[in-house]
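Visitor: First the structure, then my questions, so here it is.
Derivation of every value follows stated rules applied to the coordinates shown; laboratory data play no part. These figures come from a predicted structure and were not determined experimentally. Note that each Cβ is placed from the backbone with ideal geometry, even for glycine, and that neighbours are counted across all protein chains shown.
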Amino acid sequence: MSGPYDSQSCVFPRRGETDSDRKWRSRVQSRPRDLQSSSVEGQEQNHQTPMHEDTAVGTTYQDTSGDQHQHLIETECSGDFPRAEEIIEACKIFTSSYFQLGFIPKTSFFERIEKDDVSDFLLLCILCLSARFTPCMVLRYGDATKATDHFMTAALERVPHELYNTSLENVQALFLLSVAEWGNGDRDCSSIHMGIAVRMAAMMKLHREETYNLPLDATNDQIIFSEAARRTFWMIQSQDNLHSGYSSPVPFSTEDITALLPSEESDFSFGTVPAERAALPSTPPALTNPSLVDSPRRSLFATLIQSHSLWGQVARRACRPENAIHGPNSEYIEMAATLKRFEDKLPTQQKWSIWSLKVWRDLGYELAYLSVVMMIRLGNILMRRMYLENIKASITDTSAEGASGFWKPVSEELFDNVIELYQQIEASFTMRSSEGYPAILVFPIYVCGSLALNLWQCPQLCPRLSDKAATILTRCLQIIEDLQKAWPMARRWQEGLQQAATPLSTGPSPAAMSGISATPSDNDVQSPERAAVQMSISSARERRKPIDAASIQSQQPVPGTGTGSSTPSLPALDIAALPTDLFDSQVTAFLQGDVHYGLLDEWNQAGFVFH
């Protein structure tokens, strides 16, 4: 703290005076790099200008005469900017625990940090994501939240000075800032900054393959720079697909995208040109050569982008208002066939298995692999979850159209996918490191838990798998409770799932709602599965250590116990009272970057109870 004497002794330099008094804490300013094209106008006049000039990611396409003034502003805003070794540690955690497949060439990037040759704005935006998981940053700033807030504030202060400076590093920085804001639940700022990144990428023509043309004698550094630019575009396109919805159109039409997909990580690291690249379906290269879509030699990064594109197609269809009331049509059947074909054509090592997960973990790409297989499952789940009302109607009304034909297989397929998604969740979080995780991977846990909640309350949805519902719900509550501490968006999903499960945990169990008569003493005993969920909810509320999921599974009631029959008696539930609108609203909110839970309170106030 400064006293009156200290305040009086301070001298504040006027505009135009040197800042020699601050040089002791300023980072060394990078030299201006030579530019191939000095203006955006030059890029517009010749769209075939290849992106291979310079060896450093971040070549600027605007006049940099104000760089010195901007650097001064940045130094004043950033204050105690971390040491190079701390920044490198945070960047390593970023590449190992958030974007394992990305646009950062690790070896050269870390060397450039040591030489102070990386944009401070880009570093700040990386730290917005990784500081919360970096021990030295948490120690420096007090806790994970303070560390994150520090870099978010510094990055946001820098934004006004970078808006009109079109460069690859600024595209990357604004993209990462948008992702960090989305994880923090700030939908509006995230959308705005992503929009600026998209516009810059379009101005630089990153969506066009000719942008990446290289001379035959291209150096390794030029190849790496070109690949980093290509990956930047595809990360923007991929992230936008993850958040696609009815009211959020895609920024780039597939008809305009001629860029091929990223190469293998080894090619990127060594700076070698791949022998073949895959293509995104429906783009001109894919239409010209369809074999590029299903190539067995495609990289994991290419498959990741393809899977996210499919998810975007499903999500945009699912969020259309009219689709909530109409039954399956040719579009549904076509989408189901597309998802199945895509999964069948995956390279063997990219298909789901515990063994593949272990191998990808050893290689350092398990999060990217999980993002592929989980998004495939989510696509299959969401497209069937749209018709849950029809499925429920077919259970209670035997005269409902398709009750004995179409809807039962759809329900079986829905919950088969839920079970496989749960297996992926359980396996991944059993093996998960303590370094960190992307916020996007929390959403599958919410979806899995929400549908387990439906199945637990209404076993008729899938009698074959209903005995697994309580275990899945409890485990999902446990996992999401652990993960929500770092990401505010994940905290909202945790609160929504916990609040939705609360009224169920206090009412009669599904088993008690069957036509089985019970003795007075039996009426006073809570069902084991309901008791397990009640314990999990209470644990989440009180922030205590969650119960062991294995113990819950051992408490599952034996079907038919006490009935004199080996066939379980399914309860006759008031299916119409289930809060199906809750799931739909939260999925839509997820896709559009915001979450609202007022619907839960409306259900409770309206007197909708589960009886």
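Visitor: For the stretch 372-394 and the stretch 164-229, what is the centre-to-centre distance using only Cα atoms, to the nearest Å?
Guide: Their Cα centres are 33 Å away from one another.
Visitor: Continuing with the same structure: Using modelled amide H (1.01 Å from N, peptide plane; none on Pro or chain starts), what sits under 5 Å from the amide H of S167, excluding residues fewer than 5 places away?
Guide: Counting only residues 5 or more places away or on other chains, the set is Y61.
Visitor: Listing C189, C128 from the residue with the fewest other Cβ atoms within 10 Å to the one with the most, what is the order?
Guide: With the sparsest Cβ surroundings first, the list reads C189, C128.
Visitor: Would you mind ranking C458, C476 by Cβ crowding within 10 Å, fewest neighbours first?
Guide: If I rank by nearby Cβ atoms, fewest first, I get C458, C476.
Visitor: Still on this structure: Between K485 and V273, what length comes free when the chain is fully extended (0.36 nm per residue of separation minus the Cα-Cα distance, one decimal in nm)?
Guide: Between K485 and V273, full extension yields an extra 72.1 nm.
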